[in-house]
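What follows is a single structure, written as structure tokens, with notes after it.
The values are calculated or read from the model by the stated rules, or taken from the named source; none is laboratory data. Here the structure is a predicted model, which is why all the values come from computation and not from measurement. Reconstructed Cβ throughout: ideal geometry from the backbone, glycine too, with neighbour counts over all protein chains shown.
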Amino acid sequence: MNIKTVVALVMLLGHSFCIPPIIKDGVSEGKETGSSIEADSHESRPGLIQHEAQVKETGKAAADHQESIDSNLSRLGDLHISGAIKEKVVRKNGGEHSDQEKLAAEQADFESMRQSFAETETEINHAFIAALHFPDEPTLQLTQPDINILASIPVDLRVVHNVLLSLHEPLNTSSGESLVAKFQSPNRPLDMIKDAVKVYKHAIHDLFQLLQTPTHLPAAASHLRLDSKSCILKTLDYLRRHKLIPVELQESIISTLRSPAGLEWLAQEIHESFVPDSQYSNKYHYSLDEVEFLENHPRLEQFSKFTCLQKNEQFLVLFYRLKIMILNAYLPTHQINVHTPERIPSPASWHTTFLEKMEKILLKEFEQEDHHLATVEDFSELRHEVSNIRNFFVEPAMGHEIDATLQHHLVRYSFLILDFLQKKLGPDYMEAFGMTTKEHNTEEFQATFRFMKSIGQMDVWKIILMDYGWFIMRRTTFKQDIPEEIWRERSEFYWDKLVAERTDYIEISKRMVEDPSWQNVLHQNPFIFTARSSWDWEIQTFGYYKQDFTAVAEMERDHPIQLPRSYLVSYPPAV
């Protein structure tokens, strides 16, 4: 039994937990720093983001074991636990009413995090058991490296959570059972306190390393990737918000995640959260690039906190999301649909060249010696690609060899690139590429852009709503029910957003027929003509989405599953 296990057992106080509501935590911006992470004689794991392990040992030696509680707790140094424990003592001894309310909110926050840990540990154990019971089923087998990673996650989480258990014991816990009393006791060996602090810090460091370590899980176990990383992120965020993490370690974690490599890792993790044939796979289980999708999809709750990043960091995440989706879409598509694999349609080549040049421009904003936001002039080298993309977007000329799926990709990614530039540079962004605003922002462009924006937003809220319904049903199946008041409130929010976008679309579709300046779009752009016909039909049946979502979400455990028609239709084209 190693020292981590010993300390975890010593600190465990044996609390019970209830299923808490899902709490969306607020996030404040982290402080950028160049410091790295250290570990005392600690073996670091290879991570997606390579980081040198560095954690400075703290703890002030004291000869007298009869010191006061302040002196005893000060040994915890930069962990901030000293202040947290003393604040807890004041509250337990009768603080203000507002303090009691704050403590209750913190307790609920804590229990939400603990519930996430309990569910993650259970899911990992289920994966191990399935692999053992069905050794001849390749879809359930885990590689040894993945087994090691998954087995380490609950161990490190338990060390950290057992320390937190002692800080969050119920208000009626007797003083003799609390961590405060254990630290205050004259019989508490100083070396044990120092070892506990050291192991606690190492466990936090290990969690961050595990967060970055890639896995290669089979589809049937792929949900463990998102579940475990979300659980680790939830724990680390809790430690940061409640000042229960060493300052230097916290700053190193934040600066790493906000580095270009960290932001690319974030984009990749979001993309790989939606795997075909996974436990939660369904018709609506796929990723979209829109920022509204990243911020609001319930399965991305912990990753969505990228909104606390600075503007240039947010744009780099969005760029990497766009890059990942474009490259993943074009590589298999053009090899299947074009007779000569080396040939790629001109619009696709403009897109890929744009990505190469844009990445270099955006990364310049992160260079220490030239830390400034890119200006319009910095984007001038993209003039050729952007002008061609803009012109193709308004009048897409595509040969017969380009099938419907590839046409969808070419038009959609042209729109997303232009939308990205507009968000990055402002409404006059085309001036950086040699085209005046008047020349660029024609009636045809406005009509096409607004149409693509509208159908994209309807897709976002439809996908989020319906995928959430399936998730609720699967959670019920696995006896991890989401409280009804929680999923009803969330689903109403998603539905209201979808209805609002539907109203906007109806206005745009109507104007395309009635406004002569917008009618040209339907004649010149066959993609828009076809897409409008399809969406005009679909919005007439929007009521079925709400009805079918509710039917799936309300399914009871152990009852025969009869899927509504919205969940039975074949998968849509890749996005």
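Within region 122-141, residues that are touching a residue at least 24 places away in the same chain (Cβ under 8 Å) have Cβ atoms under 9 Å from residues that are acidic (D, E) and outside any loop (DSSP other than H, G, I, E, B) in these pairs: E123/D227; I124/D227, counting only partners at least 6 apart in sequence or on another chain. Of the listed requirements (1) in contact (Cβ under 8 Å) with a residue 12 or more places away in the chain; (2) on the phi > 0 side of the Ramachandran plot, G426 misses just one: (1). For W461, the test of being assigned to a helix (DSSP H, G or I), closer than 30 Å to W518 by Cβ and assigned by TED's automatic domain parsing to the domain that holds P516 is passed. Scanning region 426-438 for residues that are of a type in the set (S, T, N, Q), surrounded by 14 or more Cβ atoms within 10 Å (Cβ to Cβ) and assigned to a helix (DSSP H, G or I) turns up nothing. Residues of region 403-425 that are over 27 Å from the mean Cα position of the chain (by Cα), of a type in the set (A, V, I, L, M) and surrounded by fewer than 19 Cβ atoms within 10 Å (Cβ to Cβ): A404 alone.
Restricting attention to region 544-566, the residues that are part of a helix (DSSP H, G or I) and at pLDDT below 90 add up to 2. Determine whether region 245-254 contains at least one residue that is within 18 Å of the chain's Cα centre (by Cα) and of a type in the set (S, T, Y). Checked region 245-254: no residue is within 18 Å of the chain's Cα centre (by Cα) and of a type in the set (S, T, Y).
The residues listed here are S278, S273, S252, S228; of these, the one that is modelled with pLDDT of 95 or more and of a type in the set (S, T, Y) is S228.
Which ones in region 127-150 are of a type in the set (D, E, K, R) and either surrounded by 13 or more Cβ atoms within 10 Å (Cβ to Cβ) or more than 22 Å from F478 (Cβ to Cβ) (or both)? Matches in region 127-150: D136, D146. Q107 fulfils the conditions (1) under 27 Å from Q279 (Cβ atoms); (2) among the polar types (S, T, N, Q); (3) in contact (Cβ under 8 Å) with a residue 12 or more places away in the chain; (4) surrounded by fewer than 18 Cβ atoms within 10 Å (Cβ to Cβ) except for a single criterion, (1). For first residues located in region 384-410 and not assigned by TED's automatic domain parsing to the domain that holds A329, partners that are surrounded by fewer than 19 Cβ atoms within 10 Å (Cβ to Cβ) and lie 6+ apart or on another chain with Cβ distances below 9 Å do not occur. Criterion first (within 21 Å of E292 (Cβ to Cβ), modelled with pLDDT under 90 and either loosely packed, with under 15 Cβ neighbours inside 10 Å or out of contact with any helix residue (DSSP H, G or I) (no Cβ under 6 Å at 6 or more places or on another chain) (or both)) does V569 satisfy it? The answer is no for V569.
When region 331-363 is limited to residues that are outside any loop (DSSP other than H, G, I, E, B) and touching a His at 6+ places or on another chain (Cβ under 7 Å), the one that is modelled with the highest pLDDT turns out to be A348.
Does region 441-450 contain at least one residue that is exposed (fewer than 14 other Cβ atoms within 10 Å of the Cβ), of a type outside the set (D, E) and outside any helix (DSSP H, G or I)? Checked against the condition, which is being exposed (fewer than 14 other Cβ atoms within 10 Å of the Cβ), of a type outside the set (D, E) and outside any helix (DSSP H, G or I), region 441-450 yields at least one hit. Of all the criteria given as (1) under 13 Å from the mean Cα position of the chain (by Cα); (2) in a loop (DSSP other than H, G, I, E, B), the one not satisfied by S230 is (2).
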